[in-house]
C-alpha cells in the first residue's frame with residue numbers, strides 16, 4: 001500500500017513538473033538572440049546593467065552594484081563603458097547633487113526593447129495553434145502568475 005503524499009510533497013512534485021515542462025518548451029521553440037547582439041562588443045555584465053536599469057529605472061551606482069552582487073567600483077567600470085557606447089547616461093540626483101544617477105539612453109532602451117520583442121515573438125509562436133478555450137486557460141494562468149508576483153513584490157520580506 002502506497003503511503004499518502006503530503007500536500008507539500010504534491011506541491012513540490014507539481015512545481016518540478018512545471019519547471020521540466022518549461023525547460024522542454026524552451027528547447028522546443030529554440031529561442032534566438034538578435035544577431036546584432038551576438039556580433040556586438042557588449043559583454044554579459046554590460047547587458048546585465050542595462051537590464052537592471054530597464055527593470056528598476058534610474059539608479060544610483062550602489063543600487064546597480066547591489067542588484068548585481070558586484071562591487072561599486074566594478075559597476076562603475078561597466079557603466080563607464082556603457083556611457084562610451086551611448087547606451088547609458090549619467091546625471092545627478094536633484095535632491096543631492098553629489099549622487100550620480102544612471103539611466104538608459106534612447107539607444108539603451110532600443111537595445112532592451114529589441115530583446116523583449118524577441119521574447120514576445122517566441123511567446124506568440126508558443127500560443128499559435130491553441131484553441132480559444134486553451135488560450136483562455138493560458139490567460140488565466142498568466143493572470144495567476146502576475147498576481148502572485150505582484151503580491152510577493154508588495155508584501156514585506
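The values are calculated or read from the model by the stated rules, or taken from the named source; none is laboratory data. Note that the structure is a prediction, hence the values are computed from the model and not measured. Heads up, the Cβs are rebuilt from the backbone with ideal geometry, glycines too, and the neighbour counts pull from every protein chain shown.
Results, tabulated for the structure shown:
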| quantity | calculated |
| --- | --- |
| Counted residues, segment 23-32 - those being out of contact with any helix residue (DSSP H, G or I) (no Cβ under 8 Å at 6 or more places or on another chain) and either more than 17 Å from residue 120 (Cβ to Cβ) or outside any helix (DSSP H, G or I) (or both) | 5 |
| Neighbours by Cβ (under 7 Å, 6+ apart or cross-chain): first from segment 13-31, outside the structural domain of residue 126 (by TED's automatic domain parsing) and in contact (Cβ under 8 Å) with a residue 12 or more places away in the chain; second in a loop (DSSP other than H, G, I, E, B) and surrounded by 11 or more Cβ atoms within 10 Å (Cβ to Cβ) | none |
| Selected residue (only one of 53, 47 is free of Cβ contacts under 8 Å to residues at least 12 places away in the same chain, crowded, with 16+ Cβ neighbours inside 10 Å and in a helix (DSSP H, G or I)) | 47 |
| Selected residue [closer than 16 Å to residue 40 by Cβ and in contact with a strand residue (DSSP E or B) (Cβ under 6 Å, 6 or more places away or on another chain)] from 115, 82 | 82 |
| Checklist (1) farther than 30 Å from residue 35 by Cα; (2) surrounded by 14 or more Cβ atoms within 10 Å (Cβ to Cβ) applied to residue 88, failing item | (1) |
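To keep it simple, each residue is scored yes or no on (1) more than 18 Å from the chain's Cα centre (by Cα); (2) at pLDDT 85 or above.
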| residue | (1), (2) |
| --- | --- |
| 18 | yes, yes |
| 30 | yes, no |
| 65 | no, yes |
| 77 | yes, yes |
| 109 | no, yes |
| 113 | no, yes |
